[in-house]
1. Using alpha-carbon positions, what is the distance between the centroids of segment 44-77 and segment 127-160, in Å?
2. Remind me, relative contact order of the chain in percent, using alpha carbon pairs under 8 angstrom and six or more residues apart?
3. Can you give the net charge of the other residues whose Cβ lies under 13 Å from the Cβ of Ala234, counting K and R as +1 and D and E as -1?
4. Near the amide H of Ile177, under 5 Å away, which other amide H atoms are found, from residues 5 or more places off or on another chain, if H is placed in the peptide plane?
5. Kindly list the residues of segment 95-121 that lie in the label zone of Val75, defined by a backbone N under 12 Å from the point 7 Å along the Cα-to-C-beta vector.
6. Can you tell which of Gly43, Gly51, Gly211 shows the greatest fluctuation in a Gaussian network model of the chain with Cα springs below 10 Å?
7. Answer rounded, prolate or oblate for segment 1-80, using the Cα gyration tensor with square roots of eigenvalues a ≥ b ≥ c: rounded when a/c is under 1.5, else prolate when a/b is larger than b/c, else oblate.
8. Could you work out the local net charge near Gly132, counting Lys and Arg as +1, Asp and Glu as -1, over the other residues with Cβ closer than 10 Å to its Cβ?
Amino acid sequence: MNDLADKTVIITGGARGLGAEAARQAVAAGARVVITDVLDEEGAATAAGLGTQARFLHHDVTSEDDWARVVAFAVAEFGGVDGLVNNAGISTGSYLETESVENFRRVLDINLTGVFIGMKSVIPAMKERGSGSIVNISSAAGLMGLARTGGYGASKWGVRGLTKIGAVELGTERIRINSVHPGMTYTPMTASIGIQKGEGNYPNTPMGRVGEPPEIAGAVVFLLSDAASYVTGAELAVDGGWTTGPTVKYVMGQ
């Protein structure tokens, strides 16, 4: 059912990590993919590795002109836009007291305003197709309060809300909008701060480990596909149970 044959999908932040894996799985499911990022060399290499079904464009998600160019390219190159994965984003690790206003605004501009512009930009093209699916990548930090995530957490809560607003407004247009909320996931970004993959390396979650990009990307492809044809406005946590509650060791009979 996770069939994306004859569908064209735009994936932001697709040069590496979760975005690149989502692009790989989308192409494997039959999609034509436009990968966008500010990391030109990595983005071009990722697209080249996926063959003729993928293209790469440099893309600043905070720029309306860049978004218009990306959508126009997808329409010209592949005939339209059926899906959008708003994946591009940055993270911070400061307490509210020490977070600068400048950095807070920068995070919101990329992580939230960029998602808004993306949704706004693809809606006309999706209306022309008669349907569409937008998957916004939020975070576990958009489902609960996490210390030292002032700008990041605020932006991801905003993405969660914007998703629901879009789902309500566009349901009758058969444009579905859902959010995915990854927990701690092993990517080049998290590896740089010491996150390790493998069993037992993240005891904060019930599953005792961090996630990996293929596990998150599988949820994204599902939401893009017709297998999720009656799913809109949903928030899908792919977090090993992290947002379910604190991990407690329980011994039967006690």
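The values are calculated or read from the model by the stated rules, or taken from the named source; none is laboratory data. Here the structure is a predicted model, which is why all the values come from computation and not from measurement. Heads up, the Cβs are rebuilt from the backbone with ideal geometry, glycines too, and the neighbour counts pull from every protein chain shown. Just the protein is used for accessible areas: all its heavy atoms, side chains included, with ligands, DNA and RNA removed. Shrake-Rupley method; radii C 1.70, N 1.55, O 1.52, S 1.80 Å.
1. 22
2. Once divided by the residue count of the chain, the mean separation gives 19 percent.
3. Once all neighbours under 13 Å are counted, the net charge is +2.
4. So Ile177 has HN proximity to Ile134, Gly233.
5. Counting only backbone N, you get 121.
6. Gly51
7. Here segment 1-80 falls in the oblate category.
8. Once all neighbours under 10 Å are counted, the net charge is +2.
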